Each structure stands twice: as C-alpha cells, then as structure tokens.
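Below is one structure, written out as structure tokens; comments come after it.
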Amino acid sequence: MAKQPVGGSDKIHPEGAKCIGACDPGEQIEVIVMLRRKDEAGFKQMMARIDSGEAPGQAVSREEFDKRFTASEEDVDKVKAFAKQYGLTVVRAETETRSVVLKGTIEQFQKAFDVKLERFQHHNIGEYRGRTGPVNVPEEMHDAVTAVLGLDSKPQARPHFRFRPPFKPARGAAPASFTPVDLARLYDFPESDGAGQCIAIIELGGGYRDSDLSAYFSKLGVNAPTVVSVGVDNAKNAPTGNPNGPDGEVTLDIEIAGAIAPGARIAVYFAPNSDAGFVDAVNRALHDSTNKPSVISISWGGPEANWSSQSIGAFNDVLQSAAALGVTVCAASGDSGSSDGVGDGADHVDFPASSPYVLGCGGTSLSASGAGIAQEVVWNDGEQGGAGGGGVSAVFAVPAWQKGLSVTRNGTHTALAKRGVPDVSGDASPQTGYEVLIDGEDTVVGGTSAVAPLWAALFARINALNQSPAGFVNAKLYKAKTAFRDITQGNNGSFSASAGWDACTGMGSPDGAKIATALGAAKS
C-alpha cells in the first residue's frame, strides 16, 4: 500500500550530534499515534470563541467533548489494522486522548513507518535513538493521523530550576529567601487552601520522598496535602538521591504547590523525557477521570527550535483541549534569558510556555520586609546565575489578547509580530529564592520552575473559592491590568522591562486578591 509522509514529521538533529551506529533491531519500543478529532470544524469554531475571551471558563462539558471532539472508533480501527499488518501490539487505544500506543521491535517500526532508526551521540544530550526524514503512514489512514511520536528517544526538555550559587554578597546586601507561604502573603493570595481541587504536576524524571514532604510541611506548620504519583509510559516516581538532578525539580514543584494549596490533591505525572512522553503526560493528566485536575503545572521545556513541527502541533492540540475543558495550564518560561540557552546569538523562547494556550510564567528578583514587597525587578543574575526567559515566538501568531502590545529592545518599542512570552511572573532568582527540603537537605532554589506551581496554587485557591474552574485565563488576565504588580526595571538580555506587558515579566507579578476578583471570586 502506498504511503505518505505525516506533515511536519521531519527530524533535524541538534548541531554536533553524530551517528554512532545502527539500533538493535530486536529492541522493543513504544510509539504513540495521535489522531484527529471527530468534529475538527466545530472545534475550530469553539476555539475562536475561547481565543477572543468570549467563552466561559469551561467552554464545553466533558460529555459534549467526548461526543464531538474525541477520535472516532473508525480511525482507531484503522490504526489497529495497520498494527496487525506489521505485527505490532496495541498497548492502549483511547478515543478520549485521541491516541493509540503501539509496541514492537525497532525492525518492525522501521518497516511500518518507512524510517531508519539509528543511535546518535551529542556532547550535551548523551546517546539517544534518532531518525532523519519524515514518518510515513499508509494513504488510507493519512488523513486520520496528526502525529507519530516516540520513534526517537532524544530528551526533549530540561527542568527550569537553579540552586543558589555560592557567592559573596555586595556590602550591605544579603541574600534573602522565602517560604512559599511567605510569598503567598506578600503577593496577597486570597484566603483559601484549594480544597476540592487537584493540581497536576508534570515531571520528566526523578522523584520525591514522602519523608521530605512530611518533614517540610510539618516545619512550615501547614497540613500536608495528599500527594499521588501517576506513571505514564512506563515511567514512575524514582528519586535518585541527587538533589542536583531532577529530584530537585520534582520536590520543589510539590512543596511550593502543596504549601500554598494544602487542601488540594497534588497528582504528579511521571513520564519519559521525550516528545512522546511529555505530550502523553499532559494528555493523560487532562483526561484523568480519577484525579480530575483543574490546573496543570509544567516546569520543564525546551527552545521552540528543538521541537519538530509535528511535536509542537500535537502538544498544542492537547493544550487547546485543556483550554476547552476548563483546565488552566501554567508553564515556566525558562532560566536562560532571551537566548533560552541556544547559543547561536539569536533570541529564542521556550515551549510549551510559548503556546497561546499556556500561561507562560517568567521570573523576578524580590526584596521584601515585614511590611511587604520593597522592590521587584526582572530576574537577571548574569550568564552563570540565570535570567527569566522571554521574547517573541517563532511559531505562534499574536493571540487576540496580545494585539497592540510591543517589545522593548535597546530603548526602542516594536509591535509584537508573534506570540509574546511570558504572560505573568513571580519570584525566581535563587538569590531571593524559595526555602525547600530536597533529599533530606534544606536548600534555597530559584528558577521559573518555581513560578509555575506558585501560579498553579493561586488558581487552585481561586477555583476553590469559586467552586468552578478558572479555565483558560489568558484573555481575562490581559484585560485585568491592575491585578498585577507591574515590573518596570531590568532586562533579560535582549529585552527590557517597561510599563505594562513586557517580554521579561509579562503583565507582572500577581496581586492575588485582585486576580481572584478578575476571575470572579467573591472576596473572602
């Protein structure tokens, strides 16, 4: 049967990657086939209402969504027949997540999708399974398939957290640190513990120890939240014992979200660090009928340029579903300033924070006293110390709610040509960072990865007060200019802070009570 390439599935290897040989043809792997929606035209119409801010927090009920916007059984059957033809096993076939997971050998997948899989080595990434060129599928299922993920295993994202480095403070200045409870107070979060809500936290490695969590929450004097781990695609909660690795990210996320919203259930989704794992983790969280998260916090990401267009498309598709179903998604904008750590001299933004269906969370540096916030500026501790990610997307058009905004570079204002990042910000400098407990060690951590769970916990509090989900908040927040502490000092490399929205701190850091009012919460 004739085959056709899946649009946008071409893979480009990072500069410096070298092919070091063939893959073991007998090695077993799993691959995810993503499918179209039953009613794509109807979905586009609904998304236009969501984009404009006209739709309610939850634009469509789960029942209506399942009826119209899931995959058809007919399309699932096409993939099952294809799998059978090539001797592949169907591990999971779900119409609601629009995904079919197939298992087989490297040799079987090479034949099934007309690809060549090889081993590659890269000085930063290490060894991974990769491919060159597009993925091909039979003509009769070409229209049904939107993406094929998992043939390659290249790590797709990095965690956006930083430990406080050893340094000598300037005379008269000392490093500061805050507990999440301190920051909720300084940012005037509304009184609520997030009861009845679930915060999903996406992790692509590492793990947490219950002993760390119970000791930390006890020390803060807050009730320990219920924390559950959910394994995705054979990953699980697997602490390494090294706080400098992904354990630091996992524990930081849980401790911040749990300290601010201890009444909420915290569901931690562990997935492999690949485009397939990342997309599937968010998709599974969105359709988790057991935990039912109303907010998703993502502290991992990578430069847009590192993603294939089919991967970005498949991920953004899931994020659109989140917006439709009233699930708020917060993502860290990166810790490497306006370059996003790419090193080619150009400006880059981080994905998934750059998706218009995500609340991109940037970073500030905060000075405070007992009386409140004394000063807040753009987080920029230099090349070694990190800076908040932000800039202009190369992929996504300017959303309706960002029309008319501009970026400031070298004192010059230029109209936004595409989606601007971030949307909001919060304390992220390790020099003014978060007091946490990781692998038995008390430490101070910063990074925009702290800002995503900070905002996620704020939404959990607001959702609990409203007894309904805030849902897709971007359009509403851009109208609520006075609900933010406007950050007007500093830069993240190429871009400078300015009055109103800027490409360093977005609209600014939260005035929690005003954000709650903007999203319809009654004053508590």
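The values are calculated or read from the model by the stated rules, or taken from the named source; none is laboratory data. Source: prediction; values computed, not measured. Using ideal geometry, Cβ is built from the backbone for each residue, glycine included, and neighbour counts are taken over all protein chains shown.
Below is a table of values for the structure above.
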{"quantity": "In the range 466-501, the residues that are crowded, with 20+ Cβ neighbours inside 10 Å and within 22 Å of ARG62 (Cα to Cα)", "calculated": "PRO469, ALA470, GLY471, PHE472, VAL473, ASN474"}
{"quantity": "Output for the range 327-376, where each listed residue is among the small types (Gly, Ala, Ser) and assigned to a strand (DSSP E or B)", "calculated": "ALA331, ALA332, SER336, GLY360, GLY362, GLY363, SER365, SER367, ALA368, SER369, GLY372, ALA374"}
{"quantity": "Selected residue (only one of GLU96, GLU15, GLU30, GLU54 is at pLDDT below 95 and in contact with an Asp or Glu (Cβ under 9 Å, 6 or more places away or on another chain))", "calculated": "GLU15"}
{"quantity": "Within the range 424-449, considering residues that are in a loop (DSSP other than H, G, I, E, B) and small (Gly, Ala, Ser), the one farthest from GLY382 (Cα to Cα)", "calculated": "GLY440"}
{"quantity": "First in the range 219-233 and polar (S, T, N, Q), second anywhere and surrounded by fewer than 19 Cβ atoms within 10 Å (Cβ to Cβ) and not in a loop (DSSP other than H, G, I, E, B), Cβ under 6 Å, 6 or more apart", "calculated": "none"}
{"quantity": "Filtered residues of the range 450-480 (kept if part of a helix (DSSP H, G or I) and more than 13 Å from VAL295 (Cβ to Cβ))", "calculated": "ALA450, VAL451, LEU465, ASN474, ALA475, LYS476, LEU477, TYR478, LYS479"}
{"quantity": "Count of residues meeting criterion [surrounded by fewer than 20 Cβ atoms within 10 Å (Cβ to Cβ), assigned to a strand (DSSP E or B) and in contact with a helix residue (DSSP H, G or I) (Cβ under 9 Å, 6 or more places away or on another chain)] in the range 105-129", "calculated": "1"}
{"quantity": "Qualifying residue in the range 288-297 (condition: modelled with pLDDT of 95 or more, among the hydrophobic types (A, V, I, L, M, F, W, C) and not in a loop (DSSP other than H, G, I, E, B))", "calculated": "yes"}
{"quantity": "Some residue of the range 410-420 being part of a strand (DSSP E or B) and in contact (Cβ under 8 Å) with a residue 60 or more places away in the chain", "calculated": "yes"}
